[in-house]
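Chemist: Supplied in structure tokens, the structure appears directly below.
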Amino acid sequence: MNRTSPDPTLFTSRMTRGETIAALLYLPLHVWLLPTILYSLPEIAPLSDLTVNIIVYITGAVYMLVFLGRFLRRDFDPFCDHMGYCILQILVCYGMMLAFNLILSGVLTLLLPADSANPNNSAVMEMAGVEYGKTAALAIFLAPLVEEPVFRGAIFGTLRSRNRILAYAVSMLIFALYHVWGYALQDPIYWLYLLQYLPVSWLLCRCYERCDSIWGNIFFHMLVNAISISALNALSELLA
């Protein structure tokens, strides 16, 4: 029987065992090993934060295409089969994210000092101030392609077949930690910014589940980053 939309209760997007292992093995390389190596280069040729991030994410994108290319190709067909429905889900998730963010901004205003700012956003604004085009390309195209196969494809997708609630909880927590742990180790107040990433983490999982294709949440992630970096750049120019 033909369906106009995938059935989220019959979530079928799956990595093979080898693909899952490849995705999970890349996570420590991406988060710790590769940045550590790049920042440890001789001081006669220090690399900027933007350059390090570009190298890390280009390496990640190549890794995903080489080791997870078949998964990405395989999952593109379900997205195309239900493209209208998937686009609708992406837009619905974005609208929900705006509502959650509005509520969270009020909560964080009460919890955080008046001069506090999301350190990840501040880092992006700083890189965008150096080279907006490269920073935008990194955030919009490279980051979703690297992060979604790991956090949703491998972590959420693997746990989803065993325990749906656990899959959401673990994927959300790890994705939120990924964005703040480095800053929070320097200043514990930044742990509160975990809250800011939980709604979008949940919505990325929801989009993946509803579309039954990794490309649903990749495109949703791209949309979020595209609008966010444009807003951050506009704010930076306003404050300049």
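The values are calculated or read from the model by the stated rules, or taken from the named source; none is laboratory data. Please read all numbers here as calculations on a predicted model, not as lab measurements. Every residue, glycine as well, gets a Cβ built from its backbone with ideal geometry; the counts of neighbours run over all protein chains shown.
Chemist: Does the stretch 38-64 hold any residues that are of a type in the set (A, V, I, L, M), assigned to a helix (DSSP H, G or I) and exposed (fewer than 13 other Cβ atoms within 10 Å of the Cβ), and which are they? Please lay out each step first, then the result.
Modeler: Taking the stretch 38-64 as the starting set, the residues that turn out to be of a type in the set (A, V, I, L, M) are 38, 41, 44-45, 47, 50, 52, 54-56, 58, 61-62, 64.
Next cut, assigned to a helix (DSSP H, G or I) only: 38, 50, 52, 54-56, 58, 61-62, 64.
Val62 - this is the single residue of the stretch 38-64 that is of a type in the set (A, V, I, L, M), assigned to a helix (DSSP H, G or I) and exposed (fewer than 13 other Cβ atoms within 10 Å of the Cβ).
Chemist: Yes or no: the stretch 181-189 includes at least one residue that is surrounded by fewer than 21 Cβ atoms within 10 Å (Cβ to Cβ), out of contact with any Pro (no Cβ under 9 Å at 6 or more places or on another chain) and either assigned to a helix (DSSP H, G or I) or at positive phi (or both).
Modeler: Checked the stretch 181-189: at least one residue is surrounded by fewer than 21 Cβ atoms within 10 Å (Cβ to Cβ), out of contact with any Pro (no Cβ under 9 Å at 6 or more places or on another chain) and either assigned to a helix (DSSP H, G or I) or at positive phi (or both).
Chemist: For the stretch 90-131, name all the residues that are more than 21 Å from the chain's Cα centre (by Cα), without any contact (Cβ under 8 Å) to a residue 40 or more places away in the chain and not in a helix (DSSP H, G or I).
Modeler: Ala114, Asp115
Listed here are the residues, each with its yes/no results for (1) polar (S, T, N, Q); (2) assigned to a helix (DSSP H, G or I); (3) under 12 Å from the mean Cα position of the chain (by Cα); (4) crowded, with 16+ Cβ neighbours inside 10 Å.
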| position | (1), (2), (3), (4) |
| --- | --- |
| Ala176 | no, yes, yes, yes |
| Gln196 | yes, yes, no, yes |
| Phe219 | no, yes, yes, yes |
| Val224 | no, yes, yes, yes |
| Ser230 | yes, yes, no, no |
| Asn233 | yes, yes, no, yes |
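Chemist: OK, next. Please determine, by comparing only the residues of the stretch 1-28 that are at pLDDT below 95 and among the aliphatic types (A, V, I, L, M), which one is nearest to Ile155 (Cα to Cα).
Modeler: Filtering the stretch 1-28 for residues that are at pLDDT below 95 and among the aliphatic types (A, V, I, L, M), the one nearest to Ile155 (Cα to Cα) comes out as Leu10.
Chemist: A follow-up question, please. Looking at (1) surrounded by fewer than 18 Cβ atoms within 10 Å (Cβ to Cβ); (2) more than 16 Å from Ala143 (Cβ to Cβ), which one does Met172 not meet, given that it meets all the others?
Modeler: So Met172 meets the others, but not (1).
Chemist: Okay, next question. Please enumerate the residues belonging to the stretch 65-89 that are in a helix (DSSP H, G or I), crowded, with 17+ Cβ neighbours inside 10 Å and in contact with an Asp or Glu (Cβ under 8 Å, 6 or more places away or on another chain).
Modeler: Phe67, Phe71, Pro78 - these are the residues of the stretch 65-89 that are in a helix (DSSP H, G or I), crowded, with 17+ Cβ neighbours inside 10 Å and in contact with an Asp or Glu (Cβ under 8 Å, 6 or more places away or on another chain).
Chemist: When you scan the stretch 146-167, do you find a residue that is more than 17 Å from Leu104 (Cβ to Cβ), outside any helix (DSSP H, G or I), among the basic types (Lys, Arg) and without any contact (Cβ under 8 Å) to a residue 40 or more places away in the chain, even just one?
Modeler: Filtering the stretch 146-167 down to residues more than 17 Å from Leu104 (Cβ to Cβ) leaves 146-167.
The next check asks that each one be outside any helix (DSSP H, G or I); those that pass are 161-163.
Among the residues that remain, those that are also among the basic types (Lys, Arg) are: 162.
If we keep only those that are without any contact (Cβ under 8 Å) to a residue 40 or more places away in the chain as well, we get 162.
Yes, some residue in the stretch 146-167 is more than 17 Å from Leu104 (Cβ to Cβ), outside any helix (DSSP H, G or I), among the basic types (Lys, Arg) and without any contact (Cβ under 8 Å) to a residue 40 or more places away in the chain.
Chemist: Here is a follow-up. Please tell me if Ala128 is aliphatic (A, V, I, L, M) and buried (at least 17 other Cβ atoms within 10 Å of the Cβ).
Modeler: yes
Chemist: Moving to a separate point now. I need a count of the residues in the stretch 97-122 that are surrounded by fewer than 16 Cβ atoms within 10 Å (Cβ to Cβ) and under 14 Å from Ser236 (Cβ atoms).
Modeler: 2
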